[in-house]
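What follows is a short report on a single structure.
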Amino acid sequence: MNPYITDKSSQKFNESKQFLAGGVASSLRAAMKPVPLFVENASGSRIIDVDGNTYIDYLLAYGPLILGHAHPALIASVNDASQRGIAYGLQHDGEIQLAKRLTQILPCADKVALSGSGTEAVMLALRLARAYNGKRKIVRFHGHYHGWSDSIFTSFPSPDMHTLANKAENLTPPGTEGQSENSLEDIILLPWNDAEALELVLRQQQHEIAAVISEPVMCNSGCLMPKPGYLEHMRALTQELGIVMILDEVITGFRVGLGGAHGRFGLMPDLVTIGKAMGCGIAISGVAGSRELLEQIDQGKVSHLGTLNGNGLATAAALATITELSREEEQYYIKLEQTGTDLASGIRELLALHQIPGVVNQLGPVFHMMFTHEQQVEDFDAFNKRDAAQYSRFAELMLEAGVLVRTSGLWYVSTEHSAVDVRDTLKAVEQS
Ligand code: PMP
């Protein structure tokens, strides 16, 4: 095999750093080893870098590309829309069609609002909640990510902060320099999957807590499943105490089922945030939920803004993605589930065969692979015991073997990944 070469990516990264802050457009991307890759082309499950290396892609743009790269149905729809103008700052039928379709497929959606990124969707959801019940505080959880806005962005604290005393205190560390500390004053950070801690804090501070926001599956830290009954308990408690329940479905929306995780689990949150897979690579996001909450926008009580919200390209992309995913004859969700399961179980078998301690947590087409001596990873403490450096090295070796995976261990699968891709990927895993 030829030595793996990324010379042109390195050159371009050096050039980029002169003009583009950080050399990458989103800070996370700088973590890639041996160098942040520069892309020439991408199609289906494959991506080709500027050095001519082809990879089977499980980064999938950090999640959005549920139909793979440049899906023909998406390209046709976006091309068609672009012929009629890209953005108007005026209303158009695509917005109505999309909003209507979303209310049909998302169980909790009486109405929706459209925005551009997951971060913005979360900002709107929090605002709707606070305006609705006039309270200020927001409960969020260790290891979850809800975007990078000042009002919610926190660093991941060390596991030893999980004492009961701290559970009721506000010890939320800012996620970055330059973030106003006041911005996190209203955040209460709790351990996830701990029903007792949640109940204690919600009951104690019910008159101050506006909302609880949670990923339905802790995708950003270990793909951890909710314990049986945990989210149902959250639902019942929030309902009883007049607190808005927000599920952040930016990752799980359209990915673990057309109705998102709340559809899959049979939950009825007050609000969900959606993004990523919604536009399959074109920037679009939204908030969906109960009429009472969303109609605060109709009433002029809550401002919801954004120059490019609901633009023609974005709505065309989202409609095409949803239409394609809904095609029964394709059985896309069965296929996504199968590919995810084949990969996750194949990796588990390889780890066992070579006696490499590790865990793979999977929910359909999203899973987290970790090197760890823990038998199971079911909470954030266990997740923090993984060997992140070893995984990062593994991800680098996977590139050499022709497979692109995220440095953190989170894998995304698309409808375009084939049985051959799975076979080749498992070979690369074994080699790496
Ligand atoms: N919520 C969750 C659960 C996410 O995973 C992300 C992005 N990884 C966001 C919100 C923020 O979305 P965006 O990057 O589009 O702003």
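What follows draws every value from the coordinates through simple rules; no lab data is involved. All of these numbers come straight from a predicted model, not from anything done at the bench. Positions of Cβ are backbone-derived with ideal geometry, glycine not excepted, and every protein chain shown enters the neighbour counts.
Under 8 Å for C-alpha pairs, at least 6 residues apart: give me the relative contact order for region 334-393, rounded to a whole percent.
Values: 73 pairs, mean separation 15.9, N = 60.
Reported as a whole number, the value is 26 percent.
Tell me which lysines have Cα within less than 22 Å of residue 135's Cα, excluding those fewer than 8 residues away on the same chain?
List returned: 167, 301.
Work out from phi, with θ = phi - 60° and the Karplus expression 6.51 cos²θ - 1.76 cosθ + 1.60, the ³J(HN,Hα) of each residue of region 22-39, listed in order in whole Hz, and give x for Gly and Pro.
Taking θ as phi minus 60°, the curve returns x, x, 9, 8, 9, 3, 3, 5, 5, 6, 5, 10, x, 7, x, 6, 9, 9 Hz for region 22-39.
Please state the charge dipole magnitude for the chain, taken about the Cα centre, from unit charges on C-beta atoms (+1 on K and R, -1 on D and E), reported in debye and rounded to the nearest 20.
380 debye
Take 67, 28, 202 and order them by how many other Cβ atoms sit within 10 Å, fewest up front.
Details: 67 23, 28 12, 202 20.
So the ranking, lowest neighbour count to highest, is 28, 202, 67.
Grab the other residues whose beta carbon is less than 9 angstrom from that of residue 216, score K and R as +1, D and E as -1, and report the net.
For residues surrounding residue 216, the net value is -2.
What is the fewest-to-most order of 117, 77 by other Cβ atoms lying within 10 Å of their Cβ?
Going from sparsest to densest Cβ surroundings: 117, 77.
Could you please report the charge total around residue 270, scoring K, R as +1 and D, E as -1 over all other residues with beta-carbon less than 11 angstrom from its beta-carbon?
0
In region 208-262, which GluC sites (Glu not before Pro) fall in coil by DSSP and have 13 or fewer other Cβ atoms within 10 Å?
208
Report, largest value first, the span of the C-alpha coordinates of region 318-386 along each principal axis, in whole Å.
Per principal axis, max minus min of the Cα coordinates gives 43, 27, 13 Å.
Once you have a ≥ b ≥ c as the square roots of the Cα gyration tensor eigenvalues for the chain, tell me rounded if a/c is under 1.5, and otherwise prolate or oblate according to whether a/b is larger than b/c.
oblate
Run the reach check for residue 17 against lysines, Cα to Cα strictly under 30 Å, same-chain hits fewer than 8 apart removed. What comes back?
Within the straight-line cut-off, residue 17 pairs with 8, 33, 276.
For residue 375 and residue 241, compute 0.36 nm times the residue count separating them, minus their Cα-Cα distance, and round to one decimal in nm.
Contour length minus the Cα-Cα distance gives 44.5 nm.
In whole percent, what relative contact order does the chain give with Cα contacts below 8 Å and a gap of six or more residues?
Result for the chain is 21 percent.
Give, as ranges by residue number, the residues of region 11-30 whose backbone N falls under 16 Å from the point 7 Å along Cα→Cβ of residue 176.
Counting backbone N atoms under 16 Å from the label point, the list is 20-30.
What is region 228-373 by shape, rounded, prolate or oblate, if you read a ≥ b ≥ c off the alpha carbon gyration tensor as root eigenvalues and call it rounded for a/c under 1.5, prolate for a/b larger than b/c, and oblate otherwise?
Numbers: a/c = 2.40, a/b = 1.50, b/c = 1.60.
Judged from the Cα gyration tensor, region 228-373 comes out oblate (a/c at least 1.5, b/c at or above a/b).
Taking a spot 7 Å from the Cα of residue 11 along the direction of its beta carbon, which residues of region 37-54 have an amide N less than 19 Å from it?
Residues 37-41, 48-54 qualify, since their backbone N sits under 19 Å from the label point.
Below 9 angstrom from the Cβ of residue 6, what's the summed charge of the other residues (Lys, Arg +1; Asp, Glu -1)?
Overall, the nearby charge balance is -2.
Along Cα→Cβ, 7 Å out, is where each label goes; now give me the distance between the ones at residue 341 and residue 21 in nm to one decimal.
4.6 nm
For the chain, what are the DSSP H helices with axial Cα length of 15 Å or more and mean Kyte-Doolittle hydropathy of at least 0.0?
Span-like helices, by this rule, are 72-83, 118-133, 312-326, 332-353, 388-400.
Calculate the length of the line joining the C-alpha centroid of region 99-140 to that of region 259-283, in whole Å.
Here the answer is 11 Å between Cα centres.
If you rank 254, 19, 367 by fewest surrounding Cβ atoms within 10 Å, what's the result? Numbers along the way, then the final one.
Details: 254 26, 19 7, 367 23.
Neighbour counts put them in this order, fewest first: 19, 367, 254.
How big is the Kirkwood radius of region 73-326, worked out from every pair of different alpha carbons and given in Å to one decimal?
18.5 Å
Given 0.36 nm per residue, what is the gain on full extension from residue 301 to residue 43 after removing their alpha carbon distance, in nm?
Full extension from residue 301 to residue 43 adds 88.4 nm.
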